[in-house]
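Novice: First the structure, then my questions, so here it is.
The values are calculated or read from the model by the stated rules, or taken from the named source; none is laboratory data. On a predicted model such as this, the values are computed, not experimentally measured, just so you know. Please note: Cβ atoms are built from the backbone with ideal geometry, for glycine as well, and neighbour counts cover all protein chains shown.
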Amino acid sequence: MSNGELVAAAQEERFTRQRYDAGFPTKALGYCVEECGGLSNVDAVVFYEKPLRKFDRLLRMHLAVAPEGFETFALSMPTWVRSKLFQRTNILEHVSSLNGRAWSGELLFAEHHQSHAASAFFPSPFERAAIVTMDGVGEWTTASIAVGSGNSIEGKSQVRFPHSLGLLYSAFTTYLGFRVNSGEYKVMGLAPYGEPRFKDLIFRELVDLKPDGSFRLNTRYFGYLSGATMTNPAFHELFGRPPREPEGELDQFDMDVAASIQAATEEIVLSIARHVAATYGETNLCLAGGVALNCVANGEIVKEGLFEQIWVQPAAGDAGGALGAALAAHHMHFGAARTPPQPDGMKGSFLGPSFTTEDAQEVLERVGGRFEVRSDDDLLDEVADKLDEGQAIGWFQGRMEYGPRALGSRSIIADPRSPDMQRNLNLQIKFRESFRPFAPAVLAEHAEEWFEFKGSSPYMLFTAPVHPDKRVAVESSDAQGLEKLKQVRSLVPAVTHVDWSARHQTVHRETNPRFHDLLERFYGKTGCPVVINTSFNVRGEPIVCTPEDAFQCFMGTGLDMLVVENCVLYKTEQDAELATPYREQFQLD
């Protein structure tokens, strides 16, 4: 950040190509420092949580359950002592290594949920707002309520470990055979295919939800206190089945479990939101923390009408903690004044590396790509034509997105009017489960004609019903489970969930003019202002960062066309020997 303005933000995984890379973010750090003109311009570095307090929690947790979990404790302690407990020295060494001499700036540490709260409020367009943060766990806090005003944030209440909505959802994620911190999206995507028949059981046995939105978990059903597993035999006995094997067949039971934890989560989130609205009287709400990426729950808050406006940090998970820590330091430590940014302070979340057409040409020539360079007008017309013909296209332009969503810079795009496109993209390009939903990117000017949602949704963080005028009657109501995938529910079936909702992105000329221009060309040609927008990667791979990443993904998947800035490539014109099964190097998510 420079004088309060966000200059650059990126996640280490995009550079190392290791999804959720937990190593020190050396490459991301180097990129950000380079963008601000070098280390000599850096006055302060901020870390997003307090390592000593986190170590205290881990130590107390393991002592409380000892001797259970001793093996996990013994394995984790050397790493903690070496690279976490002495984080100050670790950070200073890495920062100083960027220019080969000791860095003399100020090193600060924010609290985990303070970082989340700052990432939610300070980039928001509000002078005042209530702030809710929810995730797995920071130092001790798992959820917090605060009120932001001007350049300050005042904490109001918190839920503390081991009681955690994020960990509750993650426990069900592992029970359903998916990976923690990766598969939560799958649980949310699977939920519409089931019935929430276990919701009452969850509230009777697992969660005690209070009228003020606070809650307590019955820890005898969970294994995360000992660090071994998220669930335990008591949990499995409660639901009558052992955990699903990863990659095992999904059945109606699994879908009903997903529907149940999703419904319970929505009820807890709504209970918190109602309490906040009634207690603090704020008309605006800001959200952050991993749970704030649950766009269905966010959509339920919108439907409830508790707040005039809601703003969610697009990098709501721990990646956004870095941003929040910097903002907290700027406004709360150094006391800088704040003017609410409009439309917000995130610059569309386009904060990563960018490449020129000349850069792309050099890379594509080096890796053996066969391409042609188009003018802007010719390029947009050609891509709109190919979308209309049913081609799946890798779209690479501008600065890379910050956060988990592709927003039209590192995206795979396709025609949402095709009833077969969802299945084809999942199985032939993304190499993931067929039920996984895709998001519609829609021209902001036409969003309310296609979706029942007032206002903007630039970061794909709310679900909204497809407008009734765009729905079609379902031929058969007897379909169960994944059979519902075959039913056409709207004029844009590839992005319409089985409950007639969609996780839409409103595309604005101000923040993404080139993508906006493409949607306008497609709309002019087809009368449809919507395209499928999904992240440019395969299952288990981080979103592509460089032109070389894009070419490798293009060649290793069923993509028909690749656009890298003004360079255009068709699969049929490429050397087939350049296609390698590179996706096998990524762990399944």
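Novice: Could you pull out the residue among R274, R338 that is part of a helix (DSSP H, G or I), of a type outside the set (A, V, I, L, M) and either touching an Asp or Glu at 6+ places or on another chain (Cβ under 7 Å) or at pLDDT 95 or above (or both)?
Specialist: Just a single option satisfies the conditions, and that option is R274.
Novice: Is the stretch 311-321 home to any residue that is in contact with a His (Cβ under 9 Å, 6 or more places away or on another chain), in a helix (DSSP H, G or I) and within 23 Å of F451 (Cβ to Cβ)?
Specialist: No, that holds for no residue.
Novice: Still on this structure, I have one more. Taking the stretch 427-452, which residues are part of a loop (DSSP other than H, G, I, E, B) and small (G, A, S)? First the steps, then the outcome.
Specialist: Our first condition is that a residue be part of a loop (DSSP other than H, G, I, E, B); within the stretch 427-452, this holds for 430-438, 452.
Hit for the stretch 427-452 is S434, nothing else.
Novice: Next up: Quick check on this structure: which one of A259, A264 is in the same structural domain as A146 (by TED's automatic domain parsing), under 22 Å from A502 (Cβ atoms) and not β-branched (V, I, T)?
Specialist: Only one candidate qualifies: A259.
Novice: What strands (runs of 3 or more DSSP E) completely inside the stretch 105-178 contain at least 3 residues that are more than 25 Å from A337 (Cα to Cα)?
Specialist: Hits in the stretch 105-178: 141-149, 152-160.
Novice: Here are some conditions: (1) of a type in the set (S, T, N, Q); (2) in contact with a helix residue (DSSP H, G or I) (Cβ under 6 Å, 6 or more places away or on another chain); (3) in contact (Cβ under 8 Å) with a residue 40 or more places away in the chain; (4) farther than 29 Å from Q313 by Cβ. Q480 meets all but one. Which one does it not meet?
Specialist: Failing condition for Q480: (2).
Novice: Okay, moving on. Among all residue pairs at least 6 apart or on different chains, which show Cβ distances below 6 Å where the first residue, located in the stretch 134-152, is aliphatic (A, V, I, L, M) and the second is not in a strand (DSSP E or B)?
Specialist: M134/L165; M134/G289; M134/V291; V137/F161; V137/S164; I145/V276; A146/A117; V147/Y280
Novice: What single numbered condition from (1) surrounded by fewer than 23 Cβ atoms within 10 Å (Cβ to Cβ); (2) within 24 Å of the chain's Cα centre (by Cα) fails to hold for C553?
Specialist: (1)
So that you can scan it fast, the table gives a plain yes or no per residue for (1) over 30 Å from M1 (Cβ atoms); (2) in a loop (DSSP other than H, G, I, E, B); (3) of a type in the set (V, I, T):
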| position | (1), (2), (3) |
| --- | --- |
| S354 | no, yes, no |
| D378 | yes, no, no |
| V383 | yes, no, yes |
| R417 | yes, yes, no |
| L425 | yes, no, no |
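Novice: Determine which single condition R399 fails, assuming it passes every other condition in (1) surrounded by fewer than 22 Cβ atoms within 10 Å (Cβ to Cβ); (2) charged (D, E, K, R); (3) at pLDDT 90 or above; (4) over 29 Å from G289 (Cα atoms).
Specialist: Of (1) surrounded by fewer than 22 Cβ atoms within 10 Å (Cβ to Cβ); (2) charged (D, E, K, R); (3) at pLDDT 90 or above; (4) over 29 Å from G289 (Cα atoms), only one is false for R399: (4).
Novice: Now for a separate question. Against the condition in a helix (DSSP H, G or I), buried (at least 19 other Cβ atoms within 10 Å of the Cβ), aliphatic (A, V, I, L, M) and in contact with a helix residue (DSSP H, G or I) (Cβ under 8 Å, 6 or more places away or on another chain), how does A9 come out, does it pass?
Specialist: Spelling it out, it is not the case that A9 is in a helix (DSSP H, G or I), buried (at least 19 other Cβ atoms within 10 Å of the Cβ), aliphatic (A, V, I, L, M) and in contact with a helix residue (DSSP H, G or I) (Cβ under 8 Å, 6 or more places away or on another chain).
Novice: Separate question: Look through A259, A297 and report the one residue that is touching a Pro at 6+ places or on another chain (Cβ under 7 Å), in a helix (DSSP H, G or I) and crowded, with 19+ Cβ neighbours inside 10 Å.
Specialist: Going through A259, A297 in turn, just one is touching a Pro at 6+ places or on another chain (Cβ under 7 Å), in a helix (DSSP H, G or I) and crowded, with 19+ Cβ neighbours inside 10 Å: A259.
Novice: For the subset of the stretch 219-249 comprising residues that are free of Cβ contacts under 8 Å to residues at least 24 places away in the same chain and either surrounded by fewer than 16 Cβ atoms within 10 Å (Cβ to Cβ) or not assigned by TED's automatic domain parsing to the domain that holds T174 (or both), which member is nearest to L482 (Cα to Cα)?
Specialist: Ranking the qualifying residues of the stretch 219-249, first place goes to E249.
Novice: To continue, here is another question. Being among the polar types (S, T, N, Q) and modelled with pLDDT under 95 is the filter; apply it to the stretch 457-490 and report the residue that is surrounded by the most Cβ atoms within 10 Å (Cβ to Cβ).
Specialist: Residues of the stretch 457-490 among the polar types (S, T, N, Q): 457, 463, 476-477, 480, 487, 490.
Then keep just the ones that are modelled with pLDDT under 95; that gives 476-477, 480, 487, 490.
Numbers: S476: 9, S477: 8, Q480: 11, Q487: 16, S490: 23.
Out of the qualifying residues, it is S490.
Novice: If you go through the stretch 385-406 one residue at a time, do you hit one that is among the β-branched types (V, I, T), in a helix (DSSP H, G or I) and within 24 Å of T506 (Cβ to Cβ)?
Specialist: Kept after step one, since they are among the β-branched types (V, I, T), are these residues of the stretch 385-406: 393.
Cutting the leftovers down to in a helix (DSSP H, G or I) gives us none.
Looking through the stretch 385-406, none of the residues is among the β-branched types (V, I, T), in a helix (DSSP H, G or I) and within 24 Å of T506 (Cβ to Cβ).
Novice: Select from the stretch 223-255 the residues that are closer than 18 Å to S170 by Cα, part of a loop (DSSP other than H, G, I, E, B) and among the charged types (D, E, K, R) and list them in ascending order.
Specialist: Matches in the stretch 223-255: R241, R244, E245, E247.
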